[in-house]
Amino acid sequence: MKRKTQYAITLLLALVFVFVTACGSSNNGNNTGKNAGNGTNAPAESENLEPMTIRFASGDVNANWDDNQSDIGKFLTEKTGISIKAEFPVGGTDADMFALMVASDDYPDLVMPKGNIGKLVDAGAMVDLRPLIEEHAPNIKKVYGEYLNRLVWSADDDAIYTLPLDLVGHTYFDAGGGFQLQHQVLEAAGYPEIKTVQDYENAIKAYLEKNPKTEDGQPRIGMSLNGGEWQILISVTNPAFYATGAPDDGEFYVNQDTHEAIMHYQRPEEREYFRWLNHMNDVGLLDKESFVQKYDQYKAKIASGRVIGLIDQNWDYADAENALKAEGKFGATYARFPVTLNDQYQDHSFQGTGYLSGYGVGITKSAEDPVRLIKYLDYLASDEGQVLVNWGIEGKHYNVVDGKRVIPEDVQAMKSNDNNTFKKTTGIGNYFLSARYGDGVLDPTGNYYTTTFPEQIQTNYSEADKKTLAAYGVKVYKDFWPADDAFPERKYGAAWTLPFETGSKANVIFQKTQDIMKKRIPEAILAKPADFDKVYDAFLKDLEDANVAELNAEFTKMVKDRVELWSK
């Protein structure tokens, strides 16, 4: 889910590899189980079906993109006349890709720029979608409904530049993050309690001592972190606030009472989390390549079955786990737990945000026909379009039995056991490009818009998942986490969705702090334990010298301004 570096992580394009973020990791929602009411399937105006290919640039890499050759891709082309030619970061970062666009003043028709939207807005590259929505997009307007005011850019600019991909009315029925352990590790240990980092460490250590090599003779790895590229935020630094009782607010910690913000590394609790990672490295349980490996190398290790434990979001390692499933190596796939530094903390992954206007899809000034593009996006937001992108084509990917949509066993087996192939051939999960309802929302037929609801989640689980969950006496992984109402809703949503103005002093300071973090955090984790505090103190001093105090003050103002704007 989930911007996570203002950066996105969190929100979910299933198996789309990015950030965020975040994060992804935003794990909250509201309005569950609500019937969305009657909706239209397309604008009332006559449609132009003349063949048209549009360029679409995504900051998230989608290894399973189908170039409109999947079942859904072909259906959409036939329905709308539009084909999408997607572009993803190659040989660089998403920031590099969008910076090049700005420098050349050459843009594709559609963009999903993640945390780079500020650059495009400041460059005058983005079209204000508000008048297009008002005139041509009744479905988009209906889906966002009361939250349309949260799409505005700022208090000083009420334009809408992107359609957020966060899900409206979403309920998280399952958890995709936390700390991961292979099912075979848990079974060998008799399914022990996994609540603290010490519990987690003990399970890894015990299994590695008895099983130092895989069946193929490869040395096992206790725990690997995806810290070699931008996912250092997802796999290394974000878990520091989850493990110490804070929600995901990107690179900042926000006091829930005063809305004062500080860079989260300045919290003493988090120093202790990184000290634990330092310990894991010292005792040989941390992958020595955690901070130098490329993303493909990280996934290849997981797909080999060698990695006992991960600290990650499911969307980040799902391709590799799907490869294990395709080979029948279900014991080497992963269960998920809300692990904390000690038992005084609770994981705040699901602390409520209300509706988030996070990163999304926008139309650029280079688009030849913005009206036709907004109509295409509006069709995706229609009841018919949402069922299509979530469920597929009736009679092929699902059937209607006694008024209920049902996924046939063979389709479900392919989805559960080889989701990469399933996604590329069916297109399900590839066309989440517009406003849509989240899990738990009912369409006018009384069916869920999405395929993620309690009964279907349990159907999706592998036998290894079911065995592990049964051993712990729960039905879904989210049952391990605190209840949704355990914490008060954040009045500002999630702070990782707040963008710094491109070129501003605050943004310059922020980028400096990111460079410092990417150097100092790995250094602290890999240092000799006796040197850990010296390195961490140097890290905090570097942040001070970079003027983090001024950054904190500016971000505090941004949070408070958001609270005021959204309270109107």
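A Cβ distance below 7 Å, combined with a sequence gap of six or more or placement on separate chains, defines the contacts here; from the stretch 283-308, residues that are closer than 14 Å to Gln218 by Cα reach residues that are at pLDDT 95 or above and of a type in the set (Asp, Glu) in the pairs Ile302/Glu321.
Within the stretch 282-308, the residues that satisfy the criterion of being of a type in the set (Asp, Glu) and surrounded by fewer than 18 Cβ atoms within 10 Å (Cβ to Cβ) are Asp282, Glu289, Asp296. Of everything in the stretch 52-68, what is modelled with pLDDT under 95 and surrounded by fewer than 18 Cβ atoms within 10 Å (Cβ to Cβ)? Give them in sequence order. Answer for the stretch 52-68, where residues must be modelled with pLDDT under 95 and surrounded by fewer than 18 Cβ atoms within 10 Å (Cβ to Cβ): Val61, Ala63, Asp67.
Can you spot a residue in the stretch 218-229 that is crowded, with 23+ Cβ neighbours inside 10 Å, out of contact with any strand residue (DSSP E or B) (no Cβ under 9 Å at 6 or more places or on another chain) and either farther than 30 Å from Gly360 by Cα or not polar (S, T, N, Q) (or both)? Among the residues of the stretch 218-229, at least one is crowded, with 23+ Cβ neighbours inside 10 Å, out of contact with any strand residue (DSSP E or B) (no Cβ under 9 Å at 6 or more places or on another chain) and either farther than 30 Å from Gly360 by Cα or not polar (S, T, N, Q) (or both), which makes the answer yes. Evaluation of Asp402 against the conditions (1) more than 25 Å from Thr162 (Cα to Cα); (2) touching a helix residue (DSSP H, G or I) at 6+ places or on another chain (Cβ under 9 Å); (3) surrounded by fewer than 18 Cβ atoms within 10 Å (Cβ to Cβ) shows that the sole unmet condition is (2). Within the stretch 351-369, being surrounded by fewer than 23 Cβ atoms within 10 Å (Cβ to Cβ), out of contact with any Leu (no Cβ under 8 Å at 6 or more places or on another chain) and not basic (Lys, Arg) holds for Gly352, Gly354, Ser366, Glu368, Asp369.
Scanning the stretch 209-239 for residues that are in contact with a helix residue (DSSP H, G or I) (Cβ under 9 Å, 6 or more places away or on another chain) and in a helix (DSSP H, G or I) yields Lys210, Ile232, Leu233, Ile234, Ser235, Val236, Thr237, Asn238, Pro239. Assess whether Thr40 counts as being modelled with pLDDT of 50 or more, polar (S, T, N, Q) and assigned to a helix (DSSP H, G or I). Judged against the criteria, Thr40 is not a match. Within the stretch 533-561, residues that are on the phi > 0 side of the Ramachandran plot have Cβ atoms under 7 Å from residues that are surrounded by 17 or more Cβ atoms within 10 Å (Cβ to Cβ) and part of a helix (DSSP H, G or I) in these pairs: Asn547/Ile509, counting only partners at least 6 apart in sequence or on another chain. Among the residues making up the stretch 259-307, none is among the hydroxyl-bearing types (Ser, Thr, Tyr) and at positive phi. Has the stretch 370-387 got any residue that is in a strand (DSSP E or B) and either surrounded by 24 or more Cβ atoms within 10 Å (Cβ to Cβ) or not charged (D, E, K, R) (or both)? No, the stretch 370-387 contains no residue that is in a strand (DSSP E or B) and either surrounded by 24 or more Cβ atoms within 10 Å (Cβ to Cβ) or not charged (D, E, K, R) (or both). Determine, yes or no, whether Ala159 is assigned by TED's automatic domain parsing to the domain that holds Arg372, over 21 Å from Leu565 (Cα atoms) and in contact with a helix residue (DSSP H, G or I) (Cβ under 9 Å, 6 or more places away or on another chain). No; evaluated as a whole, the condition is false for this residue. Taking the stretch 130-153 as the range and being closer than 21 Å to Arg562 by Cβ, under 24 Å from the mean Cα position of the chain (by Cα) and surrounded by 15 or more Cβ atoms within 10 Å (Cβ to Cβ) as the test, the residues that pass are Tyr144, Tyr147, Leu148, Arg150, Leu151, Val152, Trp153. Considering the stretch 388-419, and only residues there that are assigned to a helix (DSSP H, G or I) and in contact with a strand residue (DSSP E or B) (Cβ under 8 Å, 6 or more places away or on another chain), the residue that is modelled with the lowest pLDDT turns out to be Val411.
For the stretch 266-275, filtering for residues that are within 26 Å of the chain's Cα centre (by Cα) and more than 15 Å from Gly245 (Cβ to Cβ) leaves 2.
Within the stretch 75-125, if we keep just the residues that are within 16 Å of Ser434 (Cα to Cα) and not β-branched (Val, Ile, Thr), the residue that is surrounded by the most Cβ atoms within 10 Å (Cβ to Cβ) turns out to be Pro113. Looking across the stretch 323-339 at every residue that is surrounded by 22 or more Cβ atoms within 10 Å (Cβ to Cβ) and farther than 13 Å from Gln182 by Cα, the one that is farthest from the chain's Cα centre (by Cα) is identified as Val339.
Annotation: His279 fulfils all but one of (1) surrounded by fewer than 20 Cβ atoms within 10 Å (Cβ to Cβ); (2) under 21 Å from the mean Cα position of the chain (by Cα); the unmet one is (2). Inclusion of Gly493 among residues that are surrounded by fewer than 18 Cβ atoms within 10 Å (Cβ to Cβ) and either in the same structural domain as Leu373 (by TED's automatic domain parsing) or on the phi > 0 side of the Ramachandran plot (or both) is not warranted.
With respect to the conditions (1) assigned to a helix (DSSP H, G or I); (2) under 23 Å from the mean Cα position of the chain (by Cα), Pro89 falls short on a single one, namely (1).
Listed here are the residues, each with its yes/no results for (1) charged (D, E, K, R); (2) out of contact with any Cys (no Cβ under 9 Å at 6 or more places or on another chain); (3) crowded, with 19+ Cβ neighbours inside 10 Å; (4) closer than 15 Å to Glu272 by Cα.
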| residue | (1), (2), (3), (4) |
| --- | --- |
| Ile521 | no, yes, yes, yes |
| Ile525 | no, yes, yes, yes |
| Pro529 | no, yes, no, yes |
| Asp533 | yes, yes, no, yes |
| Lys541 | yes, yes, no, no |
| Asp545 | yes, yes, no, no |
| Ala549 | no, yes, no, no |
| Asn552 | no, yes, yes, no |
| Phe555 | no, yes, yes, no |
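Screening the stretch 334-350 for residues that are polar (S, T, N, Q) and part of a loop (DSSP other than H, G, I, E, B) and picking the one that is farthest from Asn417 (Cα to Cα) gives Gln344.
The values are calculated or read from the model by the stated rules, or taken from the named source; none is laboratory data. This one's a predicted model, so the numbers in the text were calculated from it and none came from an experiment. So basically every Cβ, Gly included, is an ideal-geometry build from the backbone, and we count neighbours across all protein chains shown.
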